[in-house]
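Peer 1: After the structure tokens below, expect a handful of questions from me.
The values are calculated or read from the model by the stated rules, or taken from the named source; none is laboratory data. What you see is a predicted model, and the numbers here were worked out from it, not measured in a lab. Cβ placement follows ideal geometry from the backbone for every residue including glycine, while neighbour counts extend to all protein chains displayed.
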Amino acid sequence: MSSSSNVKRLNSKDTGFRDALRSSLSLPSADDEAIDSAVVKILAAVKDKGDEAVLSFTKQFDRLNIGSISDLEIPRKDLELAYNSLSVEQKNALDIAAQRVRAYHEKQKIEAGCHSWEYEEKDGTRLGQKVTPLDRVGIYVPGGKAAYPSSVLMNAIPAKVAGVTEVIMVVPMPDGARNPLVLAAAYLAGVDRVFTIGGAQAVGALAYGTKTIPSVDKIVGPGNAYVAAAKRRVFGSVGIDMIAGPSEIVVLCDGSISPDWVAMDLFAQAEHDEQAQSILLCPDAAYIEQVQASINKLLPEMPRAKVIEASLTNRALLIQVKDMPEACEIANAIAAEHLEICAAESRKWAEQICHAGAIFMGNYTSESLGDYCAGPNHVLPTARTARFSSPLGVYDFIKRSSMIEVSEAGAQILGAVASTLARGEGLQAHARAAEMRLKK
């Protein structure tokens, strides 16, 4: 980054600021039609030809020279071997992360309405809710540009905490390169079966099932544009968690933190890929200049400097706001996947936030801690969907059945009510079914 002009600047007091912000948040959609067309063909082939199609696409896209679909499954003993092969440092890090993620989601199961309940009315009628886990889920773990053991933990552990019987993991391994951390994470998280497939063909296999790969009830986990398009297409045949877009962060800052720290937090999202978005909201113009200077200083040190630079140049924003309340208001409008509040009164400002996938409060709470080991899930809503959706959690792996047991006395009251409403709707059989249980 040779000059400050590479990171786009906006000022909330400028005319047209809202339109400029809205435009900057949107992604180009020129490739959407081509991607969707390709995905439709892949899914149709997998649905029609099963293992044969999955094998063909895996050979084509992942450059694997394999003869049978069974060669794509990794035995569970290999997962344990991968775990045992780790260095002491890696093993300890993975153990701690898994323990914290599990502890958080066990607490979530207790507090987030994930249990059955019922109550009894005076006439003996009993009403309630029965909560049961899904039978089988599929977790998609990205494996193209990088390996993500953290995604294994974040997707599999809440499923197991919820009580899911079988977790099937798919992860692309181009050229057959196995990542021991990913396999070790699958072992720690209790994944039942692992297949080295990816892309739309993996989503299709999980959704429709093949002779070798069982169909699942729900597919969770992030992936590239093809994976996202495939999940959108198979929804209805199976459940999905969300349609994940490029990663994004908003840093809401009052200037009380080192600009180097903020610059690196922006880098942490930008290094995911060129479409990731990093945004700074700050009322201090001089501090924004310091952050830009830190960007220029620190970027050459980064191994993924080219990816970071492309992301910052194309999608990053440094926004000067009037004050912190306005920063909160703009942050709510953005509804970011990750929101860092780097401020002296971080909890005060967090109270004004109602739209964010995850909120990181205080100068020592870098977003990267949430990605790996803080405990809460890192699978979060993107592209402003935090306005109406939530992080992946135990509640995504359960379903609720209403429980109704009406007593004879209760049927006399409810039957008359149902009869009147049913006849008003012209549904005579509904009315008579209720009336037959009334005392003459």
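Peer 1: Considering only the range 47-68, I want to know if a residue exists there that is more than 25 Å from Leu183 (Cβ to Cβ) and buried (at least 19 other Cβ atoms within 10 Å of the Cβ).
Peer 2: Yes, the range 47-68 has at least one match.
Peer 1: What strands (runs of 3 or more DSSP E) completely inside the range 74-175 contain at least 2 residues that are loosely packed, with under 15 Cβ neighbours inside 10 Å and modelled with pLDDT of 95 or more? Steps first, please.
Peer 2: Details: elements: 117-120, 126-133, 136-140, 166-170.
Per the criteria, 117-120, 126-133.
Peer 1: OK, next. Which one is farthest from Ile334 (Cα to Cα), of the residues in the range 255-287 that are charged (D, E, K, R) and either part of a helix (DSSP H, G or I) or in contact with a strand residue (DSSP E or B) (Cβ under 9 Å, 6 or more places away or on another chain) (or both)? So that I can check it myself, show each step before the final result.
Peer 2: Initial filter on the range 255-287 (charged (D, E, K, R)): 260, 265, 271, 273-274, 284.
Okay, now just the ones that are also either part of a helix (DSSP H, G or I) or in contact with a strand residue (DSSP E or B) (Cβ under 9 Å, 6 or more places away or on another chain) (or both), so 260, 265, 284.
On the way: Asp260: 24, Asp265: 18, Asp284: 20 Å.
Only one residue fits best here, namely Asp260.
Peer 1: Next question. Regarding the range 247-254, can at least one residue be identified that is part of a loop (DSSP other than H, G, I, E, B), assigned by TED's automatic domain parsing to the domain that holds Ile319 and of a type in the set (Asp, Glu)?
Peer 2: Yes: one or more hits.
Peer 1: Then there's this: How many residues, within the range 83-132, are of a type in the set (Gly, Ala, Ser), touching a strand residue (DSSP E or B) at 6+ places or on another chain (Cβ under 9 Å) and under 27 Å from Leu153 (Cα atoms)? Even if it seems obvious, please write down each step before you answer.
Peer 2: Residues of the range 83-132 of a type in the set (Gly, Ala, Ser): 85, 87, 93, 97-98, 103, 112-113, 116, 124, 128.
With touching a strand residue (DSSP E or B) at 6+ places or on another chain (Cβ under 9 Å) added as a condition, the list becomes 113, 116, 124, 128.
Filter once more, so that each one left must be under 27 Å from Leu153 (Cα atoms): 113, 116.
Total meeting the criteria: 2.
Peer 1: Could you tell me whether Gln290 is among the polar types (S, T, N, Q), in contact with a Phe, Trp or Tyr (Cβ under 8 Å, 6 or more places away or on another chain) and assigned to a helix (DSSP H, G or I)?
Peer 2: no
Peer 1: Same structure, new question: Test Ile219 against the stated conditions and say whether it is touching a residue at least 12 places away in the same chain (Cβ under 8 Å) and in a loop (DSSP other than H, G, I, E, B). Give the derivation first.
Peer 2: On the way: touching a residue at least 12 places away in the same chain (Cβ under 8 Å): yes; in a loop (DSSP other than H, G, I, E, B): no.
Here the answer is no, as Ile219 does not meet what is asked.
Peer 1: Within the range 352-372, count every residue that is of a type in the set (Ser, Thr, Tyr) and either at pLDDT below 95 or not in a loop (DSSP other than H, G, I, E, B) (or both). Steps first, answer last, please.
Peer 2: So the first thing to find is which residues in the range 352-372 are of a type in the set (Ser, Thr, Tyr), and the list is 364-366, 368, 372.
With the extra rule that they be either at pLDDT below 95 or not in a loop (DSSP other than H, G, I, E, B) (or both), the set shrinks to 368, 372.
Selection size over the range 352-372: 2.
Peer 1: Taking Ala333 as meeting all but one of (1) touching a residue at least 60 places away in the same chain (Cβ under 8 Å); (2) outside any helix (DSSP H, G or I), write down the number of the exception.
Peer 2: Every listed condition holds for Ala333 apart from (2).
Peer 1: Which condition does Asp48 not pass, out of (1) assigned by TED's automatic domain parsing to the domain that holds Met173; (2) without any contact (Cβ under 8 Å) to a residue 40 or more places away in the chain; (3) on the phi > 0 side of the Ramachandran plot, if it passes all the others?
Peer 2: (3)
Peer 1: Within the range 376-399, is even one residue part of a strand (DSSP E or B), under 40 Å from the mean Cα position of the chain (by Cα) and either farther than 28 Å from Ser247 by Cα or in contact (Cβ under 8 Å) with a residue 60 or more places away in the chain (or both)?
Peer 2: Step one: of the range 376-399, the residues part of a strand (DSSP E or B) are 398-399.
Subsequent filtering for residues that are under 40 Å from the mean Cα position of the chain (by Cα) retains 398-399.
Applying the additional criterion that residues be either farther than 28 Å from Ser247 by Cα or in contact (Cβ under 8 Å) with a residue 60 or more places away in the chain (or both) yields 398-399.
Within the range 376-399, one or more residues are part of a strand (DSSP E or B), under 40 Å from the mean Cα position of the chain (by Cα) and either farther than 28 Å from Ser247 by Cα or in contact (Cβ under 8 Å) with a residue 60 or more places away in the chain (or both).
Peer 1: Taking Val227 as the residue in question, decide whether it is farther than 19 Å from Asp32 by Cβ and surrounded by 24 or more Cβ atoms within 10 Å (Cβ to Cβ).
Peer 2: Working: farther than 19 Å from Asp32 by Cβ: no; surrounded by 24 or more Cβ atoms within 10 Å (Cβ to Cβ): yes.
Answer is no for this residue.
Peer 1: Just to check your reading of the model, which residue among Thr196, Thr212 is more than 21 Å from Val161 (Cα to Cα), assigned by TED's automatic domain parsing to the domain that holds Gly143 and in contact with an Asp or Glu (Cβ under 7 Å, 6 or more places away or on another chain)? Before you say what the answer is, go through the steps one by one.
Peer 2: Numbers: Thr196 fails: in contact with an Asp or Glu (Cβ under 7 Å, 6 or more places away or on another chain).
Among Thr196, Thr212, only Thr212 is more than 21 Å from Val161 (Cα to Cα), assigned by TED's automatic domain parsing to the domain that holds Gly143 and in contact with an Asp or Glu (Cβ under 7 Å, 6 or more places away or on another chain).
Peer 1: May I pose another question? Output the residues belonging to the range 147-175 that are within 23 Å of Ala230 (Cβ to Cβ) and in contact (Cβ under 8 Å) with a residue 60 or more places away in the chain.
Peer 2: If the condition is that a residue be within 23 Å of Ala230 (Cβ to Cβ) and in contact (Cβ under 8 Å) with a residue 60 or more places away in the chain, then Ser150, Ser151, Met154, Asn155, Pro158, Ala159, Val164, Pro172, Met173, Pro174, Asp175 are the ones that fit.
Peer 1: In addition: Given Ala230, Ala268, which one is within 15 Å of Arg315 (Cα to Cα), among the hydrophobic types (A, V, I, L, M, F, W, C), modelled with pLDDT of 95 or more and in contact with a helix residue (DSSP H, G or I) (Cβ under 6 Å, 6 or more places away or on another chain)?
Peer 2: Details: Ala230 fails: within 15 Å of Arg315 (Cα to Cα).
Going through Ala230, Ala268 in turn, the sole match is Ala268.
Peer 1: Can you find a residue in the range 246-262 that is within 30 Å of Glu166 (Cα to Cα), acidic (Asp, Glu) and surrounded by 24 or more Cβ atoms within 10 Å (Cβ to Cβ)? Walk me through it before giving the result.
Peer 2: First, pick out the residues of the range 246-262 that are within 30 Å of Glu166 (Cα to Cα): 246-247.
Adding the requirement that they be acidic (Asp, Glu) leaves none.
No, because not a single residue in the range 246-262 is within 30 Å of Glu166 (Cα to Cα), acidic (Asp, Glu) and surrounded by 24 or more Cβ atoms within 10 Å (Cβ to Cβ).
Peer 1: Considering each of Phe267, Phe360 in turn, give the residue that is more than 29 Å from Phe388 (Cβ to Cβ) and not acidic (Asp, Glu). If you could, list the steps in order and put the result at the bottom.
Peer 2: Numbers: Phe360 fails: more than 29 Å from Phe388 (Cβ to Cβ).
One residue alone meets the criteria, Phe267.
Peer 1: Name the residue, out of Arg193, Arg136, that is touching a residue at least 24 places away in the same chain (Cβ under 8 Å), over 14 Å from Leu79 (Cβ atoms) and of a type in the set (Lys, Arg). Working first, answer last.
Peer 2: Working: Arg193 fails: over 14 Å from Leu79 (Cβ atoms).
That would be Arg136, the only listed residue that is touching a residue at least 24 places away in the same chain (Cβ under 8 Å), over 14 Å from Leu79 (Cβ atoms) and of a type in the set (Lys, Arg).
Peer 1: Scan the range 336-351 for residues that are part of a helix (DSSP H, G or I) and among the aliphatic types (A, V, I, L, M) and jot them down.
Peer 2: Going through the range 336-351, the residues part of a helix (DSSP H, G or I) turn out to be 346-350.
Ala350, the sole residue that qualifies.
Peer 1: Kindly evaluate Ala335 against the criterion of being at negative phi, assigned by TED's automatic domain parsing to the domain that holds Asp284 and of a type in the set (Gly, Ala, Ser). If you could, list the steps in order and put the result at the bottom.
Peer 2: Working: at negative phi: no; assigned by TED's automatic domain parsing to the domain that holds Asp284: yes; of a type in the set (Gly, Ala, Ser): yes.
In short, no.
Peer 1: Oh, and also: Quick test for you: out of Ser70, Ser24, pick the one residue that is under 26 Å from the mean Cα position of the chain (by Cα) and either assigned to a loop (DSSP other than H, G, I, E, B) or among the small types (Gly, Ala, Ser) (or both).
Peer 2: Numbers: Ser70 fails: under 26 Å from the mean Cα position of the chain (by Cα).
Just a single option satisfies the conditions, and that option is Ser24.
Peer 1: In this structure, does Met242 turn out to be hydrophobic (A, V, I, L, M, F, W, C), surrounded by fewer than 20 Cβ atoms within 10 Å (Cβ to Cβ), in contact (Cβ under 8 Å) with a residue 24 or more places away in the chain and under 24 Å from Ser26 (Cα atoms)? Don't jump to the end; show me each part of the working.
Peer 2: On the way: hydrophobic (A, V, I, L, M, F, W, C): yes; surrounded by fewer than 20 Cβ atoms within 10 Å (Cβ to Cβ): no; in contact (Cβ under 8 Å) with a residue 24 or more places away in the chain: yes; under 24 Å from Ser26 (Cα atoms): yes.
Here the answer is no, as Met242 does not meet what is asked.
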